[in-house]
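Undergrad: Let me give you the structure first, and then I'll get to my questions.
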Amino acid sequence: MAGRSRNTPDHPSAAGDGEPGEGLLPADFELADLYGARGGDDEDLDDSAVLVPPITLPPDTELVAAALAVPLISNAIALARWTLPRRPVDEFGDLTEEDREAAARLLGLAPAEGEVPEEAVVEAMRSWALACDLDLVETGTTAEGTHAAIPGPDLEAAEQGDPSVVLGLWLDAAGIMRELAAEADSLAPEGAGDDEDAAEAELADVEQAREAATELLDEALQVLYEMTAFADPGEETVPLGVLAALLVVPEGEEPDEEMLGEITDLMVALDPMLGDLAELGLMEHRPIDPELFEEEDGEDVLAAPSDAEPDEEEAARFGTVRLTPLGQYAVREWLMEQGYDAPLIGELAEGDAEALLRGITEAGNVLPDQELLAWLAGREPQGAARELLAAARGRDANSPVRRMLCAVALDELGEPARPAVLEVVDDPELGGAARAWLRAQGVDIAAPERPVALWTAVDSFAAVMLTSEGDAGRLRELVAGLPVTDNPASYFGELWRVDHPYTAQVLEIVGELHLDRSVAKEARKAAFRARSQHR
């Protein structure tokens, strides 16, 4: 699955207050706002890298049940069982004419008696072809020279609901359907002619069209994956026009007439492909209402909605799509096959506190709060608090962010964490924040000594600096709240001596953002002294 170069427009479904999880896409956020903290120097970060948002998948048992509920899959399994002990086939591995009707009856596609409709036979043969493609059925030549089919080695495991087997079979089927959907959108026109050069040119055109259709479908699937990851529960359904617009309109622009035409073309191209994938359970798809197509000058065009705001049902006539959990599973597997990091929420919860905090601070695509909650779930509060506090120590580039995340986790634990926090009130790195946390909890405890308070102030500022990704608004709030006295030279005279890896950078930001010129000047002087001290 190729990484996409998507345009992100402003559109009605992307309205929000700028916080992650409000229906916007990853491109609408700064990296830290979307995925969490990044500490240290980000100069090596590849701006062109595709960061895939983390998702939550249901247990394998639920995915297996959903896969087995797909008619094509259940029918393929039923036909594989039906071949026991062996079933005659022709030289191409297809069922005989007599057995085709029998297969349709077996699958409940036709009545037990009477004429078998042609469409029932066609559907039965589709299931047979899939069973063969998935090796649920194996065909070959017998010792007597006849052609026969027998069940494949995975049949019993599939019938028993073995997760690795069922999901593997379903994913293979989804991959086949994905390829067929793109091919169907790029079929050669009939009557290609006998000229060899013309035939080769047409084949090249078909191949080019197939590649374009595959790329379009992959991009659409990845956009749906991202939108589903950030959608509120129950709001994962996407209008087809919105999906198409995300693939056409550059970020921050309004669509012009040409773009509107492209959006319509993409809607029409995507509609049948998404419908094919819906048949395998990747998505829930409501196709474009055929009545919206009108005949104009010999061309079929999609009738545009009126200027009046359509109601929900009217809007749905233009097509909708919703990626299912099975669809998320498939897209994630395809992304990982291409080498992309596509994490699951809670993966970091499997390690200790050190791995948890390190993973959150170093990864570009995690949701910190959810990872912390997943890690805390089921852990004894005091033990969890002690482990987190120990992992928060250090003076490396990411340490301020680890301490900030530790404080977030302690807030979640609340009162049961107090004994563990009381144990570190005199710690030079943790003590200041620990005392502040305890006082917020209502514990009567003295404020930290001046050196510890200053060190904690720098550390807290550094954590925001590292996670704000250039958000000057957040930093200005901190700068405005600094306890600068009437004598800023005295205050910054203390601050520049603080032995913290980010002292100079914090002072530089204060010097850039403080609205009081005299305060800003003293901060810049202090930053120079702090840097000189460490040369």
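The values are calculated or read from the model by the stated rules, or taken from the named source; none is laboratory data. These numbers were taken from a predicted model, which means no experiment stands behind them. Backbone-built Cβ (ideal geometry, glycine too); neighbour counts: all protein chains shown.
Undergrad: Are any of the residues in region 281-295 assigned by TED's automatic domain parsing to the domain that holds E314, of a type in the set (A, V, I, L, M) and more than 28 Å from E62 (Cα to Cα)?
TA: yes
Undergrad: Then there is this: Taking the options L478, L466, name whichever one is surrounded by 20 or more Cβ atoms within 10 Å (Cβ to Cβ), part of a helix (DSSP H, G or I) and not hydroxyl-bearing (S, T, Y). Walk me through how you get there before you give the answer.
TA: Numbers: L478 fails: surrounded by 20 or more Cβ atoms within 10 Å (Cβ to Cβ).
None of the others qualify; the one that does is L466.
Undergrad: Only one of (1) part of a helix (DSSP H, G or I); (2) buried (at least 19 other Cβ atoms within 10 Å of the Cβ) fails for G383. Which number is that?
TA: (2)
Undergrad: Name the single residue, out of those in region 279-291 being within 15 Å of L240 (Cα to Cα) and over 19 Å from the mean Cα position of the chain (by Cα), that is modelled with the lowest pLDDT.
TA: P290
Undergrad: Moving on to the next point. Is there a residue being farther than 22 Å from D411 by Cβ, outside any helix (DSSP H, G or I) and at pLDDT 90 or above anywhere in region 352-369?
TA: no
Undergrad: OK, next. Restricting the search to region 353-406, which residues are touching a Gly at 6+ places or on another chain (Cβ under 7 Å), aliphatic (A, V, I, L, M) and under 22 Å from E469 (Cβ atoms)?
TA: Within region 353-406, I360, V366, L367, A397, V401 meet the criteria.
Undergrad: Out of the residues in region 120-149 meeting the condition of being touching a helix residue (DSSP H, G or I) at 6+ places or on another chain (Cβ under 9 Å) and of a type in the set (D, E), tell me which one is surrounded by the most Cβ atoms within 10 Å (Cβ to Cβ).
TA: E123
Undergrad: Please specify each residue of region 395-417 satisfying the condition of being of a type outside the set (A, V, I, L, M), surrounded by fewer than 19 Cβ atoms within 10 Å (Cβ to Cβ) and touching a helix residue (DSSP H, G or I) at 6+ places or on another chain (Cβ under 7 Å).
TA: Across region 395-417, the qualifying residues are E412, P416.
Undergrad: Output the residues belonging to region 233-280 that are surrounded by fewer than 16 Cβ atoms within 10 Å (Cβ to Cβ) and in contact with a Gly (Cβ under 8 Å, 6 or more places away or on another chain).
TA: Across region 233-280, the qualifying residue is only E235.
Undergrad: Could you give every pair whose Cβ atoms fall below 7 Å, whose first residue belongs to region 445-457 and is touching a residue at least 40 places away in the same chain (Cβ under 8 Å), and whose second residue is surrounded by 15 or more Cβ atoms within 10 Å (Cβ to Cβ), counting only separations of at least 6 or pairs across chains?
TA: L454/L495; L454/V498; W455/G432; W455/V498; W455/H500
Undergrad: Which residues, taken from region 150-164, are touching a helix residue (DSSP H, G or I) at 6+ places or on another chain (Cβ under 8 Å) and within 18 Å of L84 (Cβ to Cβ)?
TA: Within region 150-164, P151, G152, D154, L155, A157, A158, E159 meet the criteria.
Undergrad: Sticking with this one: Evaluate region 308-325: report whether one residue or more is basic (K, R), at pLDDT below 95 and not in a helix (DSSP H, G or I).
TA: Yes, region 308-325 has at least one match.
Undergrad: May I pose another question? Keeping to region 445-463, report how many residues are surrounded by 12 or more Cβ atoms within 10 Å (Cβ to Cβ) and in a helix (DSSP H, G or I).
TA: 13
Undergrad: Being at pLDDT 95 or above and assigned to a loop (DSSP other than H, G, I, E, B), is that true of even one residue in region 60-80?
TA: yes
Undergrad: Checking L372 against (1) modelled with pLDDT of 95 or more; (2) surrounded by fewer than 18 Cβ atoms within 10 Å (Cβ to Cβ): exactly one of these is not met. Which one?
TA: It fails just one condition, (2).
Undergrad: Taking G442 as the residue in question, decide whether it is on the phi > 0 side of the Ramachandran plot and either exposed (fewer than 15 other Cβ atoms within 10 Å of the Cβ) or in the same structural domain as A385 (by TED's automatic domain parsing) (or both).
TA: Answer is yes for this residue.
Undergrad: Same structure again: Would you point out which residue out of P88, P111, P117 is surrounded by fewer than 20 Cβ atoms within 10 Å (Cβ to Cβ) and in contact (Cβ under 8 Å) with a residue 40 or more places away in the chain? Steps first, answer last, please.
TA: Values: P111 fails: in contact (Cβ under 8 Å) with a residue 40 or more places away in the chain; P117 fails: in contact (Cβ under 8 Å) with a residue 40 or more places away in the chain.
Only one candidate passes the filter, namely P88.
Undergrad: Across region 413-430, what is the total count of residues that are within 11 Å of P448 (Cβ to Cβ) and under 38 Å from the mean Cα position of the chain (by Cα)?
TA: Going through region 413-430, the residues within 11 Å of P448 (Cβ to Cβ) turn out to be 425-428, 430.
With the extra rule that they be under 38 Å from the mean Cα position of the chain (by Cα), the set shrinks to 430.
Within region 413-430, residues that are within 11 Å of P448 (Cβ to Cβ) and under 38 Å from the mean Cα position of the chain (by Cα) number 1.
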